[in-house]
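Participant: Quick one: the structure is below, and I'll ask about it shortly.
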(Lines give C-alpha, C1' and ligand atoms only; values in the text may rest on other atoms or scores of the structure.)
Protein backbone atom coordinates (compact mmCIF):
# COMPACT_ATOMS: atom_id res chain seq x y z
CA UNK A 1 0.00 0.00 0.00
CA UNK A 2 2.85 2.42 0.67
CA UNK A 3 4.23 2.02 -2.84
CA UNK A 4 0.72 2.55 -4.21
CA UNK A 5 0.48 5.83 -2.30
CA UNK A 6 3.83 6.94 -3.68
CA UNK A 7 2.69 6.12 -7.23
CA UNK A 8 -0.53 8.05 -6.66
CA UNK A 9 1.49 11.05 -5.51
CA UNK A 10 3.65 10.79 -8.61
CA UNK A 11 0.57 10.72 -10.87
CA UNK A 12 -0.97 13.65 -9.03
CA UNK A 13 2.13 15.83 -9.40
CA UNK A 14 2.52 14.86 -13.05
CA UNK A 15 -1.10 15.89 -13.73
CA UNK A 16 -0.54 19.23 -11.96
CA UNK A 17 2.67 19.73 -13.97
CA UNK A 18 0.79 19.14 -17.23
CA UNK A 19 -1.96 21.46 -16.10
CA UNK A 20 0.23 24.42 -15.16
CA UNK A 21 3.24 24.20 -17.46
CA UNK A 22 2.30 24.81 -21.08
CA UNK A 23 5.55 23.69 -22.73
CA UNK A 24 6.41 20.15 -21.63
CA UNK A 25 9.74 18.45 -22.22
CA UNK A 26 8.05 16.02 -24.62
CA UNK A 27 6.76 18.90 -26.73
CA UNK A 28 10.05 20.84 -26.53
CA UNK A 29 12.09 17.82 -27.62
CA UNK A 30 9.71 17.25 -30.52
CA UNK A 31 10.23 20.85 -31.63
CA UNK A 32 14.01 20.67 -31.16
CA UNK A 33 14.30 17.45 -33.12
CA UNK A 34 12.22 18.81 -36.00
CA UNK A 35 9.32 16.41 -35.49
CA UNK A 36 6.67 19.12 -35.57
CA UNK A 37 6.57 19.36 -39.35
CA UNK A 38 5.61 22.77 -40.62
CA UNK A 39 5.64 24.32 -37.17
CA UNK A 40 9.38 24.76 -36.98
CA UNK A 41 10.40 27.56 -34.61
CA UNK A 42 11.59 30.92 -35.89
CA UNK A 43 15.36 31.06 -35.44
CA UNK A 44 16.98 34.13 -33.89
CA UNK A 45 20.70 34.10 -34.64
CA UNK A 46 21.57 37.78 -35.12
CA UNK A 47 20.26 41.31 -34.51
CA UNK A 48 18.28 41.32 -37.76
CA UNK A 49 16.45 38.09 -36.95
CA UNK A 50 15.95 39.32 -33.36
CA UNK A 51 14.11 42.36 -34.66
CA UNK A 52 12.09 40.20 -37.06
CA UNK A 53 11.35 37.76 -34.27
CA UNK A 54 10.28 40.36 -31.74
CA UNK A 55 6.70 40.17 -32.98
CA UNK A 56 6.61 36.52 -31.78
CA UNK A 57 7.95 37.35 -28.37
CA UNK A 58 5.53 37.85 -25.57
CA UNK A 59 6.27 41.51 -24.89
CA UNK A 60 3.68 42.65 -22.42
CA UNK A 61 4.47 46.12 -21.10
CA UNK A 62 5.91 46.17 -17.63
CA UNK A 63 3.64 48.01 -15.18
CA UNK A 64 6.05 50.93 -14.61
CA UNK A 65 7.59 50.93 -18.07
CA UNK A 66 5.23 53.51 -19.55
CA UNK A 67 6.83 56.23 -17.42
CA UNK A 68 10.28 55.52 -18.83
CA UNK A 69 11.69 57.99 -21.36
CA UNK A 70 11.06 56.39 -24.74
CA UNK A 71 14.02 58.04 -26.47
CA UNK A 72 16.50 55.91 -24.57
CA UNK A 73 14.81 52.74 -25.81
CA UNK A 74 15.67 53.19 -29.44
CA UNK A 75 18.72 52.11 -31.37
CA UNK A 76 20.79 48.93 -31.28
CA UNK A 77 21.89 49.41 -27.70
CA UNK A 78 18.29 49.12 -26.56
CA UNK A 79 17.70 45.77 -28.23
CA UNK A 80 19.23 43.86 -25.34
CA UNK A 81 17.20 45.84 -22.84
CA UNK A 82 13.99 45.32 -24.76
CA UNK A 83 14.66 41.61 -25.04
CA UNK A 84 15.54 41.47 -21.35
CA UNK A 85 12.21 43.13 -20.49
CA UNK A 86 10.26 40.52 -22.43
CA UNK A 87 12.25 37.79 -20.67
CA UNK A 88 11.16 39.38 -17.40
CA UNK A 89 7.48 39.30 -18.39
CA UNK A 90 7.74 35.63 -19.29
CA UNK A 91 9.60 34.91 -16.05
CA UNK A 92 6.90 36.63 -13.99
CA UNK A 93 4.28 34.53 -15.76
CA UNK A 94 6.37 31.43 -15.09
CA UNK A 95 6.54 32.33 -11.38
CA UNK A 96 2.75 32.32 -11.39
CA UNK A 97 2.73 28.86 -13.01
CA UNK A 98 5.24 27.53 -10.46
CA UNK A 99 3.14 28.99 -7.61
CA UNK A 100 0.07 27.15 -8.89
CA UNK A 101 2.13 23.97 -9.18
CA UNK A 102 3.44 24.42 -5.61
CA UNK A 103 -0.11 24.85 -4.34
CA UNK A 104 -1.01 21.51 -5.88
CA UNK A 105 1.65 19.65 -3.83
CA UNK A 106 -0.34 17.80 -1.17
CA UNK A 107 0.12 19.57 2.17
CA UNK A 108 1.77 22.70 0.77
CA UNK A 109 -1.18 25.04 1.31
CA UNK A 110 -1.54 23.77 4.89
CA UNK A 111 1.96 25.04 5.73
CA UNK A 112 2.39 28.35 7.54
CA UNK A 113 1.71 31.11 4.99
CA UNK A 114 5.00 32.86 5.73
CA UNK A 115 6.80 29.59 5.09
CA UNK A 116 4.96 29.14 1.79
CA UNK A 117 6.22 32.58 0.78
CA UNK A 118 9.79 31.67 1.84
CA UNK A 119 9.73 28.34 -0.03
CA UNK A 120 8.62 30.08 -3.20
CA UNK A 121 10.99 33.01 -2.82
CA UNK A 122 13.99 30.68 -2.57
CA UNK A 123 12.75 27.85 -4.76
CA UNK A 124 11.22 29.53 -7.73
CA UNK A 125 14.39 30.58 -9.60
CA UNK A 126 15.87 27.10 -9.07
CA UNK A 127 12.69 25.63 -10.54
CA UNK A 128 12.76 28.01 -13.50
CA UNK A 129 16.37 27.10 -14.26
CA UNK A 130 15.58 23.37 -14.11
CA UNK A 131 12.65 23.98 -16.43
CA UNK A 132 14.91 25.68 -18.96
CA UNK A 133 16.95 22.50 -19.41
CA UNK A 134 14.39 20.65 -21.57
CA UNK A 135 14.17 23.72 -23.81
CA UNK A 136 17.90 23.77 -24.44
CA UNK A 137 20.45 21.87 -26.42
CA UNK A 138 24.11 22.66 -26.91
CA UNK A 139 23.30 25.08 -29.77
CA UNK A 140 20.50 27.19 -28.33
CA UNK A 141 17.22 27.41 -26.52
CA UNK A 142 13.52 27.53 -27.24
CA UNK A 143 11.80 30.65 -25.96
CA UNK A 144 8.37 32.17 -26.22
CA UNK A 145 6.50 28.88 -25.60
CA UNK A 146 8.56 27.09 -28.24
CA UNK A 147 7.79 29.53 -31.05
CA UNK A 148 11.40 30.75 -31.22
CA UNK A 149 14.79 29.07 -31.13
CA UNK A 150 17.53 31.46 -30.04
CA UNK A 151 21.07 30.38 -30.71
CA UNK A 152 23.65 30.14 -27.95
CA UNK A 153 26.16 32.00 -30.12
CA UNK A 154 23.75 34.91 -30.51
CA UNK A 155 23.21 35.11 -26.75
CA UNK A 156 26.99 35.08 -26.29
CA UNK A 157 27.31 37.97 -28.77
CA UNK A 158 25.13 40.37 -26.77
CA UNK A 159 26.87 43.20 -24.97
CA UNK A 160 28.09 42.71 -21.41
CA UNK A 161 26.66 41.70 -18.97
CA UNK A 162 23.73 40.32 -21.01
CA UNK A 163 26.08 37.88 -22.77
CA UNK A 164 26.99 36.35 -19.40
CA UNK A 165 23.44 35.57 -18.36
CA UNK A 166 22.62 32.40 -20.27
CA UNK A 167 25.96 30.65 -20.73
CA UNK A 168 26.00 29.10 -17.19
CA UNK A 169 22.45 27.82 -17.79
CA UNK A 170 23.53 26.18 -21.06
CA UNK A 171 26.47 24.51 -19.34
CA UNK A 172 24.21 23.23 -16.57
CA UNK A 173 21.41 22.15 -18.94
CA UNK A 174 23.61 20.17 -21.30
CA UNK A 175 24.87 18.13 -18.31
CA UNK A 176 21.40 17.88 -16.76
CA UNK A 177 19.89 16.62 -20.01
CA UNK A 178 22.28 13.64 -19.96
CA UNK A 179 20.12 12.28 -17.12
CA UNK A 180 17.22 12.02 -19.62
CA UNK A 181 14.43 12.75 -17.17
CA UNK A 182 10.94 12.84 -18.62
CA UNK A 183 8.08 15.13 -17.64
CA UNK A 184 6.78 12.78 -14.94
CA UNK A 185 10.24 12.64 -13.31
CA UNK A 186 10.58 16.41 -13.61
CA UNK A 187 7.28 16.98 -11.77
CA UNK A 188 8.57 15.13 -8.70
CA UNK A 189 12.00 16.74 -8.83
CA UNK A 190 10.46 20.23 -8.95
CA UNK A 191 8.33 19.42 -5.91
CA UNK A 192 11.45 18.22 -4.05
CA UNK A 193 13.19 21.52 -4.81
CA UNK A 194 10.23 23.59 -3.63
CA UNK A 195 9.99 21.61 -0.37
CA UNK A 196 13.54 22.41 0.79
CA UNK A 197 13.57 22.66 4.58
CA UNK A 198 16.86 24.57 4.72
CA UNK A 199 15.66 27.87 3.22
CA UNK A 200 16.66 30.87 5.35
CA UNK A 201 13.97 32.20 7.67
CA UNK A 202 11.64 29.20 7.71
CA UNK A 203 9.64 29.11 10.91
CA UNK A 204 8.33 25.55 10.97
CA UNK A 205 10.80 23.25 9.24
CA UNK A 206 9.49 19.87 10.40
CA UNK A 207 6.28 19.64 8.33
CA UNK A 208 8.21 20.81 5.25
CA UNK A 209 10.83 18.10 5.72
CA UNK A 210 8.11 15.51 6.22
CA UNK A 211 6.43 16.52 2.97
CA UNK A 212 9.76 16.52 1.15
CA UNK A 213 10.62 13.07 2.46
CA UNK A 214 7.43 11.62 1.02
CA UNK A 215 8.06 13.25 -2.36
CA UNK A 216 11.69 12.03 -2.27
CA UNK A 217 10.48 8.45 -1.72
CA UNK A 218 8.07 8.87 -4.59
CA UNK A 219 10.87 10.23 -6.80
CA UNK A 220 13.22 7.37 -5.88
CA UNK A 221 10.56 4.79 -6.75
CA UNK A 222 9.63 6.63 -9.92
CA UNK A 223 13.24 6.66 -11.14
CA UNK A 224 13.69 2.95 -10.39
CA UNK A 225 10.59 2.08 -12.39
CA UNK A 226 11.04 4.61 -15.18
CA UNK A 227 14.82 4.24 -15.62
CA UNK A 228 15.67 0.71 -14.47
CA UNK A 229 19.01 0.73 -16.27
CA UNK A 230 20.20 4.13 -15.12
CA UNK A 231 22.43 3.43 -12.14
CA UNK A 232 22.47 5.90 -9.26
CA UNK A 233 20.13 8.25 -11.10
CA UNK A 234 18.44 9.32 -7.85
CA UNK A 235 21.78 10.23 -6.26
CA UNK A 236 22.99 12.00 -9.40
CA UNK A 237 19.81 14.05 -9.53
CA UNK A 238 20.07 15.12 -5.90
CA UNK A 239 23.65 16.26 -6.55
CA UNK A 240 22.31 18.66 -9.18
CA UNK A 241 20.62 20.62 -6.42
CA UNK A 242 24.01 21.84 -5.19
CA UNK A 243 25.04 23.12 -8.64
CA UNK A 244 21.65 24.77 -8.95
CA UNK A 245 22.09 26.90 -5.85
CA UNK A 246 25.36 28.30 -7.16
CA UNK A 247 23.76 29.15 -10.51
CA UNK A 248 20.93 30.99 -8.78
CA UNK A 249 23.34 32.91 -6.55
CA UNK A 250 25.36 34.00 -9.60
CA UNK A 251 22.18 34.86 -11.51
CA UNK A 252 20.87 37.06 -8.71
CA UNK A 253 24.22 38.85 -8.43
CA UNK A 254 24.17 39.50 -12.17
CA UNK A 255 20.66 40.96 -11.97
CA UNK A 256 21.76 43.16 -9.07
CA UNK A 257 24.68 44.35 -11.18
CA UNK A 258 22.32 45.08 -14.09
CA UNK A 259 20.10 47.11 -11.80
CA UNK A 260 23.07 49.32 -10.92
CA UNK A 261 24.56 49.67 -14.39
CA UNK A 262 21.52 49.82 -16.67
CA UNK A 263 19.76 53.03 -15.77
CA UNK A 264 16.92 52.34 -18.21
CA UNK A 265 16.20 48.93 -16.82
CA UNK A 266 13.17 48.34 -14.67
CA UNK A 267 12.89 45.12 -12.79
CA UNK A 268 9.47 43.50 -12.76
CA UNK A 269 7.88 44.08 -9.32
CA UNK A 270 7.33 40.35 -8.73
CA UNK A 271 10.93 39.48 -9.63
CA UNK A 272 12.10 42.41 -7.50
CA UNK A 273 10.18 40.99 -4.56
CA UNK A 274 11.75 37.57 -5.03
CA UNK A 275 15.31 38.78 -5.49
CA UNK A 276 15.33 41.36 -2.72
CA UNK A 277 17.54 40.11 0.14
CA UNK A 278 17.70 36.68 -1.50
CA UNK A 279 21.43 35.90 -1.49
CA UNK B 1 7.45 38.65 5.40
CA UNK B 2 3.95 38.84 3.89
CA UNK B 3 4.25 42.64 3.76
CA UNK B 4 7.53 42.47 1.84
CA UNK B 5 6.14 39.91 -0.62
CA UNK B 6 2.73 41.22 -1.48
CA UNK B 7 2.54 39.78 -5.00
CA UNK B 8 3.82 36.35 -4.00
CA UNK B 9 1.39 36.38 -1.12
CA UNK B 10 -1.42 37.34 -3.45
CA UNK B 11 -0.47 34.56 -5.88
CA UNK B 12 -0.54 32.06 -3.03
CA UNK B 13 -3.90 33.24 -1.75
CA UNK B 14 -5.60 33.61 -5.09
CA UNK B 15 -7.02 30.21 -5.84
CA UNK B 16 -8.69 30.91 -9.15
CA UNK B 17 -8.02 33.98 -11.24
CA UNK B 18 -4.38 34.76 -11.96
CA UNK B 19 -3.10 38.07 -10.66
CA UNK B 20 -2.61 40.53 -13.48
CA UNK B 21 1.12 40.43 -13.94
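The values are calculated or read from the model by the stated rules, or taken from the named source; none is laboratory data. Owing to the predicted nature of the structure, the values given are computational and were not obtained by experimental measurement. Every residue, glycine as well, gets a Cβ built from its backbone with ideal geometry; the counts of neighbours run over all protein chains shown.
Participant: Considering every residue within region A:203-219, establish whether at least one is more than 20 Å from the chain's Cα centre (by Cα) and closer than 24 Å to residue A:86 by Cα.
Facilitator: There is no residue in region A:203-219 that is more than 20 Å from the chain's Cα centre (by Cα) and closer than 24 Å to residue A:86 by Cα.
Participant: Also, quick follow-up: Look at residue A:78 and say whether it is at pLDDT 95 or above and either part of a helix (DSSP H, G or I) or within 14 Å of another protein chain (Cβ to nearest Cβ) (or both).
Facilitator: Values: at pLDDT 95 or above: no; either part of a helix (DSSP H, G or I) or within 14 Å of another protein chain (Cβ to nearest Cβ) (or both): yes.
Taking the combined requirement at face value, the residue does not satisfy it.
Participant: Could you say which residue among A:4, A:28 is in a helix (DSSP H, G or I), modelled with pLDDT of 90 or more and out of contact with any strand residue (DSSP E or B) (no Cβ under 6 Å at 6 or more places or on another chain)?
Facilitator: Result: A:4 is the single residue among A:4, A:28 that is in a helix (DSSP H, G or I), modelled with pLDDT of 90 or more and out of contact with any strand residue (DSSP E or B) (no Cβ under 6 Å at 6 or more places or on another chain).
Participant: A follow-up question, please. Within region A:268-275, is there a residue that is over 21 Å from residue A:93 (Cα atoms) and touching a residue at least 60 places away in the same chain (Cβ under 8 Å)?
Facilitator: Scanning region A:268-275, I find no residue that is over 21 Å from residue A:93 (Cα atoms) and touching a residue at least 60 places away in the same chain (Cβ under 8 Å), so the answer is no.
Participant: Can you tell me which residues in region A:41-62 are at pLDDT 90 or above and closer than 11 Å to residue A:146 by Cα?
Facilitator: Listed by number, the residues that qualify are A:41, A:42, A:43.
Participant: Among the residues of region A:133-143, is any under 20 Å from residue A:258 (Cα atoms), more than 14 Å from chain B (Cβ to nearest Cβ), in a helix (DSSP H, G or I) and touching a strand residue (DSSP E or B) at 6+ places or on another chain (Cβ under 9 Å)?
Facilitator: Looking for residues that are under 20 Å from residue A:258 (Cα atoms), more than 14 Å from chain B (Cβ to nearest Cβ), in a helix (DSSP H, G or I) and touching a strand residue (DSSP E or B) at 6+ places or on another chain (Cβ under 9 Å), one finds none in region A:133-143, hence no.
Participant: Same structure, new question: Just give me the residues in chain B being closer than 11 Å to residue A:96 by Cα, outside any helix (DSSP H, G or I) and either in contact with a helix residue (DSSP H, G or I) (Cβ under 6 Å, 6 or more places away or on another chain) or at pLDDT 75 or above (or both), in sequence order.
Facilitator: B:14, B:18, B:19, B:21
Participant: Another one. So if I check each of A:238, A:216, which one is at pLDDT 95 or above and buried (at least 16 other Cβ atoms within 10 Å of the Cβ)?
Facilitator: None of the other options fit; the residue is A:216.
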